[in-house]
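Bear in mind that the values in this text are calculations on the coordinates, not laboratory data. Predicted, not measured: the structure shown is a model, and the values here were computed from it. In this analysis, Cβ positions are derived from the backbone assuming ideal geometry, glycine residues included, and neighbour counts consider all displayed protein chains.
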Amino acid sequence: MRYASIATGVLATTVLAVPLAAPAMADSSSPAAVSVVRGEHVRGDVSRELRGGHEEKRNHDVQLQKALDAIVKAGAPGVVAEVRDADGAWRGHSGRADLKQNEPTRSDGLFRIGSVTKTFVSTVVLQLVQEGKMKLDDSVERHLPGLVPNGKNVTVRQLLSHRSGLHSYTDTLWGADMHKFYDTRFKTYAPHQLIADSNAHAPTFGPGTDGHYSNTNYILLGMLIEKVTGNTAKTEVRERIIEPLGLDRTSFPEKSTRINGPHANGYMRLDGATSPYTDVTDYSTSWAWTAGAMISDTRDLNTFYKALVTGKLLPASLMKEMKATQSLDDGSQYGLGIAKFDNQAFGTAYGHVGGTPGFATHSFTLADGSRQVTVSINAMADTDEENKAAGQAVKTLLTLGSKAE
């Protein structure tokens, strides 16, 4: 289906893969602004103001804005981004947050992060492994008996790495009909209903014999977290990650269908790339749950990924397990809830892509934690041009100021 999975295979394989080239020129008719901050965080929106010392930094700021403007020129309604390194943070935005009211995006806007949720969930699971509450090679059957066919041969590690072979329920929940999603967008699903949908379809392959992205894996991991802790998955994510890191703009909605706080509206083309955008901002994320329901902003996601790769959330032994990637069938390199991208321009980056109705998120950190990049677009890509512009922007932002530049 066009919507395939929360982190679509198309984005997972093309992001950062396009050659580094000069971004498209900005459309002078589109609202755009960049905020450049050294050593502090900015919450409010600002008009275009380029500062930051010497000419090299000013040039980087201009390249940031051009990369964002290129995403809008390719067809996206709007985009916000933050790039963070030792010099501080660059925050920029381009395009429209509300197409009806013609309102510009704002750099402090919240958004649905889709499958970037998976890295939060995998971090919780690995912390539970550290605490001895489960093992990576425990079977699903041991903790959730009778829940999935052949559960005795499916391991926690295989769920985290998308090597279980379990059918992804999102492939068949709405099929290719986005009108079906739209018409039922406020429907509430329980996790066991999503697993039942998966169980109604044959496995893609035998456990551990191949790799295929499946959202079912992370619904099971959410259920596993709740089983071994006695708490909700939302509570575990909040108490283990959100609160310790001070991610005050990050939330895990359960019943709310709204994004509470300043945000861009999320849009979707219900009939393919040539159809007009439809506002799909509000909907129940119960269907996504621990596979992709969270909300955040660019600052919080960059804070999270830096803390993760610099050892503030997991010990070195489990970070090694998380970053040990294998190829999925779409060509992407995937570890335990995190993807790896190697490129001559910047070296190695870790992170995740999240696509959910109305929003596409790209959040990555360089392997040494020296630079983080988060880009949020308020629509999922429908064309190769849109995919390429998003991938090019992330690559450009990861490359700026690197030794390989």
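Rg and Dmax over the alpha-carbon atoms of the chain stand at 19.9, 63 Å.
Take the Kirkwood radius over Cα pairs of the range 189-237, plug it into Stokes-Einstein at 4 °C and 1.567 mPa s, and you get 107 µm²/s for translational diffusion. Against the chain, whose longest principal axis comes from its Cα atoms, helix 384-399 is set at around 80 degrees. Other residues lying with their Cβ under 11 Å from the Cβ of residue 376 contribute a combined charge of -1, Lys and Arg counting +1, Asp and Glu -1.
Phi angles across the range 117-124 convert, under the Karplus curve 6.51 cos²θ - 1.76 cosθ + 1.60 with θ = phi - 60°, into 3J(HN,Hα) values of 3, 4, 5, 4, 5, 5, 5, 4 Hz, Gly and Pro given as x. Among 139, 161, 376, the largest mean-square fluctuation in a Gaussian network model of the chain (Cα springs under 10 Å) belongs to 139.
One equal scatterer on each Cα of the range 89-173, no solvent, Debye formula: the resulting log10 I(q)/I(0) at q = 0.11, 0.12 Å⁻¹ is -0.53, -0.59. Over the range 9-399, what is the relative contact order in percent, taking alpha-carbon pairs closer than 8 angstrom and at least six residues apart? Relative contact order comes out at 24 percent. Between the helical axis of 55-73 and the longest alpha-carbon principal axis of the chain there is an angle of about 60 degrees.
Computing FRET efficiency as 1/(1 + (r/R0)^6) for residue 152 and residue 260, where r is the C-beta to C-beta distance and R0 is 35 Å, gives about 0.25. Ordering 113, 262, 301 by Cα displacement along the dipole of the range 9-399 toward the positive end leaves 301 in first place; charges were set at the Cβ atoms of Lys, Arg (+1) and Asp, Glu (-1). Of the trypsin sites (Lys or Arg not before Pro) in the range 200-309, which ones lie in a loop per DSSP and count no more than 16 other C-beta atoms within 10 Å? Of the trypsin sites (Lys or Arg not before Pro), the ones in loops of the range 200-309 whose Cβ has at most 16 other Cβ atoms within 10 Å are 255, 258. Helix 216-229 and the longest principal axis of the Cα set of the chain meet at an angle near 70°. Three semi-axes describe the equivalent ellipsoid of the range 220-327; taken as square roots of 5 times the Cα gyration tensor eigenvalues and ordered largest first, they are 29, 18, 16 Å.
For the set 73/388; 187/227; 100/180; 118/395; 118/320, the pairs lying more than 20 angstrom apart at their alpha carbons are 187/227; 100/180; 118/395.
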